[in-house]
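The values are calculated or read from the model by the stated rules, or taken from the named source; none is laboratory data. Predicted model, so just to flag it, every value in this text is computed and none were measured. All Cβ positions, glycine included, derive from the backbone under ideal geometry; neighbour counts span all protein chains shown. Keep in mind that these areas ignore ligands, DNA and RNA; they rest on the heavy atoms of the full protein, side chains included. Shrake-Rupley method; radii C 1.70, N 1.55, O 1.52, S 1.80 Å.
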Amino acid sequence: MRWQNQTLDADDGALPGLSRAGFVRTVQTPEFEGITFHEVLCKSALNKMPESSTLPFQWTINPMRGCSHACRYCFARPTHEYLDLDAGRDFDAQIVVKTNIAAVLRKELGRRSWQRDPVALGTNTDPYQRAEGRYRLMPGIIRALTDSGTPFSILTKGTLLRRDLPLLTLAAREVPVSLAVSIAILDQELHGGLESGTPSPRARLDMVRALTDAGFAVHVMVAPVIPYLTDGRAHLDELFGAIAAAGATSAVAFPMHLRGSTRGWFLEWLAETHPALLRRYRQLYGRGAYVTPEYATWLRERVTPLLERHGLTRDGEATAAPARTAEPGNAVETQLALFA
């Protein structure tokens, strides 16, 4: 059998945080070496945004917690600590999978109170990370949203989305569907150090082309822009040029945020690979999560003409973030652009 070598361990005493999340079992398989899946049964699929939020959507869906993309800068890392798991290697390798999420979602969308408000996927962890190849949660989610007449958006770095392109094309005939791809780095060495679990930048550019050819107006998130590493004019110009050549209709760029334990995880990598930059980072971020207003303004002034040059502005306006932006992070900011 395909999974005959998998191991199961249902001793949730070793996972006290998961016992509060509807823990069912732990699975390891040689096809996903180094990754442990913790299967849970969720009680709710839809997450409501705070009433104070000014975002153009009120609901999100997160099929998983943790992310094998292993991006050093991921703002969602601190959420793993709620499960008594660490925000570093556990976030990359201990993936919590809501195995019943499609059925729960369909039930929630079937309620008379549901108003078909826009729903965003990819605002926390990526719904098309590697685990989706095993659990195939997204087809059920897409069908449930479509059948209920609910518009939705997806933001991803995962080229596995191409598997569902026929389904997404059919969905777009019934409801508004917005698709966005995250591409922040072109340099292969830097990509390998900062987002080692993601598909290559070239593979994501090819996905942009495939989505465009299928008739979607694809938005690209160039974020985070990493100070002193990916904010050079030549890098940004080359990246925006490649994105435009792939057929994207628009793009946004945001400076990196270092919230909570993400800060330590990123700076540990920086100390190992670029120690000369540590002092500059301490000056740029101080003790907080955001770059200084001066840097944000500098980056915006660099990005704006490049976006305009490559035809990646929306309604004639380029988008680059100010120093402080909407919570919970960069992904939500891009979802805002998707629904704009």
Looking at I61 and the list (1) at pLDDT below 95; (2) out of contact with any Pro (no Cβ under 7 Å at 6 or more places or on another chain), which single condition is not satisfied? (1)
Per the filter on segment 225-283, residues among the acidic types (D, E) and either under 21 Å from the mean Cα position of the chain (by Cα) or part of a loop (DSSP other than H, G, I, E, B) (or both) are D231
So D117 clears everything in (1) open to solvent by 20 Å² or more (accessible area, probe 1.4 Å); (2) touching a strand residue (DSSP E or B) at 6+ places or on another chain (Cβ under 8 Å); (3) farther than 20 Å from F57 by Cβ except one condition, right? Which one? (3)
Taking R259 and the conditions (1) at pLDDT below 95; (2) touching a strand residue (DSSP E or B) at 6+ places or on another chain (Cβ under 9 Å); (3) among the basic types (K, R), which numbered condition does it fall short on, given that it satisfies the others? (2)
Quick check on segment 287-297. Is at least one of its residues part of a helix (DSSP H, G or I), at pLDDT 95 or above, open to solvent by 30 Å² or more (accessible area, probe 1.4 Å) and not charged (D, E, K, R)? yes
Would you list the helices (runs of 4 or more DSSP H) that sit entirely within segment 126-224 and hold 2 or more residues that are at pLDDT 95 or above, open to solvent by less than 30 Å² (accessible area, probe 1.4 Å) and among the hydrophobic types (A, V, I, L, M, F, W, C)? 138-147, 165-172, 188-194, 201-213
Filtered residue count, segment 20-40, keeping only those that are open to solvent by less than 60 Å² (accessible area, probe 1.4 Å) and at pLDDT below 90: 4
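Filter segment 64-108 down to residues that are of a type in the set (G, A, S) and assigned to a helix (DSSP H, G or I) and give me whichever is most open to solvent (accessible area, probe 1.4 Å).
My answer is A103.
Results for (1) open to solvent by 30 Å² or more (accessible area, probe 1.4 Å); (2) touching a Lys or Arg at 6+ places or on another chain (Cβ under 9 Å); (3) not aromatic (F, W, Y), shown as yes or no for each residue.
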site: F240; (1), (2), (3): no, yes, no
site: S250; (1), (2), (3): no, yes, yes
site: G260; (1), (2), (3): yes, yes, yes
site: W269; (1), (2), (3): no, yes, no
